[in-house]
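I have placed the structure first, in the form of structure tokens, so that the comments after it can refer back to it.
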Amino acid sequence: MCPGRVISKLLCSGEKEVDLAVQSAKAAFKIWSQMSGMERSRVLLEAARIIREQREEIATLETINNGKSIFEARVDIDISWQCLEYYAGLAASLAGEHIQLPGGSFGYTRREPLGVCVGIGAWNYPFQIACWKSAPALACGNAMVFKPSPFTPISVVRLAEIFTEAGVPKGLFNVVQGGVATGQFLCHHPDVAKISFTGSVPTGIKIMEMAAKGIKPVTLELGGKSPLIIFSDCALENAVNGALMANFLTQGEVCCNGTRVFVERKILDVFTKEVVKRTQKIKVGDPLLEDTRMGALINRPHLDRVQGFIKQAKEQGAEVLCGGDLYVPDDPKLKNGYYMRPCVLGNCRDDMTCVKEEIFGPVMSILPFDTEEEVVERANNTKFGLAGGVFTRDIQKAHRVVAALKAGMCFINNYNISPVELPFGGYKASGFGRENGRAAIEYYSQLKTVCVEMGDVESVF
């Protein structure tokens, strides 16, 4: 593992390459969409089997691709094959319904695929996001052209190879490489039926604008600044574990992270002390080592951006309780890596930039609160609405609070758990549409209604 060094170079796909990928997917769609759900299911199950058997190899590739710890990368790969298995199970069950009408007439609905779908992924979960988008798309009978982030282009190519090995028609899952221009060619292409994007709010807005010109449906999974509410009646150790999970997975580069940690004032000191103690013990370093729990951030500009947030937080009155500084591992091969120590900020206020804006790095902001009503109002005072979490032993209070949170994914006494059976997505500026669960089927298919008259047509003319 040699952070800071170029491991490969890939050519960006231009308008010609994008068109070739779309046309190839379009041809494969004609074959795939005519297969039965059971036939598609078998192919997806085979792809899941290959991923499961090659778990270690793919996880290692993902760690090199992204910089996250091998421990986390294995979890990502497990979620990926589980996602394929889940939608393989749904593929054969996709159906419309029969409606009886007067006089023996009837109607029915057909659930049909959209066509060539575009997936545009983020760099924090490259392989997993590609599976989250492609599994429901393919289960519904669609084709997909996928563009990974230019910062993490490698592992998705392996997924394309796996789909081919599993038996999908040639070109059904195509990968194009590139940045903004490549994404624009995809969004504007007349043969693209739908766009699913994971990334930043500004880019999501642009994609929605481009899709609108072609009246194309979009799924947008965008940023967040999610609240994590810690009540004084929580199980303290569990709440501390939850706060660490909500802030430091994948070096803090997780859109649904609970980075605004609201702590009831009664336990503020003891909670903060324990969080700081545990944060200081997180091992940072070579992500390929088994005991590493935090690897390198994605690149130098992003590391500098995260450091800028911490500097600004201090200028606005926040106190750095631990971490926040650059980390240089002992291994000379790692000296150019983009490492930093996980940071906990105290003395935070709701109006601080570090509390309002998405940092997308290992930075936790702790804020005290006094009442349930107060904290719910403050938690919802954000343009984002991706996630939220509550830690309390009072289950009635837990359900009451999550019902009041304006967020698409809520956690009670846990955080950052992503079972593929449950829908994932946000409110407000965090986007719309859903990944995972049965809900995703709605976003990768369309309903056709057929009305059948069994008697003579009665004309009004």
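The values are calculated or read from the model by the stated rules, or taken from the named source; none is laboratory data. It should be emphasised that the depicted structure is a prediction, and the values quoted were computed from it without experimental measurement. Backbone-built Cβ (ideal geometry, glycine too); neighbour counts: all protein chains shown. For accessibility, only protein heavy atoms count, side chains too; no ligands or nucleic acids. Shrake-Rupley method; radii C 1.70, N 1.55, O 1.52, S 1.80 Å.
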> How many of the residues in the range 390-403 are of a type in the set (A, V, I, L, M, F, W, C) and open to solvent by 40 Å² or more (accessible area, probe 1.4 Å)?
Replying inline: 2
> What pairs can you find where one residue is in the range 387-405 and closer than 19 Å to residue 246 by Cβ, the other is loosely packed, with under 14 Cβ neighbours inside 10 Å and aliphatic (A, V, I, L, M), and their Cβ atoms are less than 8 Å apart, with a gap of 6+ or different chains?
Replying inline: 391/235; 393/235
> Only one residue in 28, 47, 73 is touching a Phe, Trp or Tyr at 6+ places or on another chain (Cβ under 7 Å), of a type in the set (A, V, I, L, M, F, W, C) and under 27 Å from residue 183 (Cβ atoms), so which one is that?
Replying inline: 47
> Condition test on residue 394, is it farther than 24 Å from residue 236 by Cβ and modelled with pLDDT of 95 or more?
Replying inline: no
>> Can you find a residue that is open to solvent by less than 10 Å² (accessible area, probe 1.4 Å) and assigned by the TED database to the domain that holds residue 382 anywhere in the range 326-334?
In response: yes
> When the residues of the range 120-137 are filtered to those that are of a type in the set (Gly, Ala, Ser) and not in a helix (DSSP H, G or I), which remaining residue is surrounded by the fewest Cβ atoms within 10 Å (Cβ to Cβ)?
Replying inline: 122
>> Within the range 84-119, take every residue that is on the phi > 0 side of the Ramachandran plot and modelled with pLDDT under 95 and give me the one that is least open to solvent (accessible area, probe 1.4 Å).
In response: 104
>> For the range 138-183, give me each residue that is part of a helix (DSSP H, G or I), touching a helix residue (DSSP H, G or I) at 6+ places or on another chain (Cβ under 7 Å), more than 20 Å from residue 62 (Cβ to Cβ) and not β-branched (Val, Ile, Thr).
In response: 138, 139
> open to solvent by 10 Å² or more (accessible area, probe 1.4 Å) and farther than 24 Å from residue 204 by Cβ: does that describe residue 304?
Replying inline: no
>> For the range 270-283, check the following and say yes or no: at least one residue is closer than 15 Å to residue 329 by Cβ and either assigned by the TED database to the domain that holds residue 362 or among the basic types (Lys, Arg) (or both).
In response: yes
> Which ones in the range 341-352 are outside any loop (DSSP other than H, G, I, E, B) and either surrounded by fewer than 22 Cβ atoms within 10 Å (Cβ to Cβ) or touching a Pro at 6+ places or on another chain (Cβ under 7 Å) (or both)?
Replying inline: 343, 346
> Take the residues of the range 1-41 that are without any contact (Cβ under 8 Å) to a residue 40 or more places away in the chain and in a helix (DSSP H, G or I): which is surrounded by the fewest Cβ atoms within 10 Å (Cβ to Cβ)?
Replying inline: 16
>> Quick check on this structure: which one of 325, 370 is more than 26 Å from the chain's Cα centre (by Cα), farther than 22 Å from residue 235 by Cα and of a type outside the set (Lys, Arg)?
In response: 325
> Which members of the range 216-233 meet the condition of being surrounded by 22 or more Cβ atoms within 10 Å (Cβ to Cβ) and of a type in the set (A, V, I, L, M, F, W, C)?
Replying inline: 220, 222, 228, 229, 230, 231
>> Could you check the range 39-88 and list, in sequence order, the residues that are closer than 21 Å to residue 422 by Cα and among the acidic types (Asp, Glu)?
In response: 72, 76, 78, 85
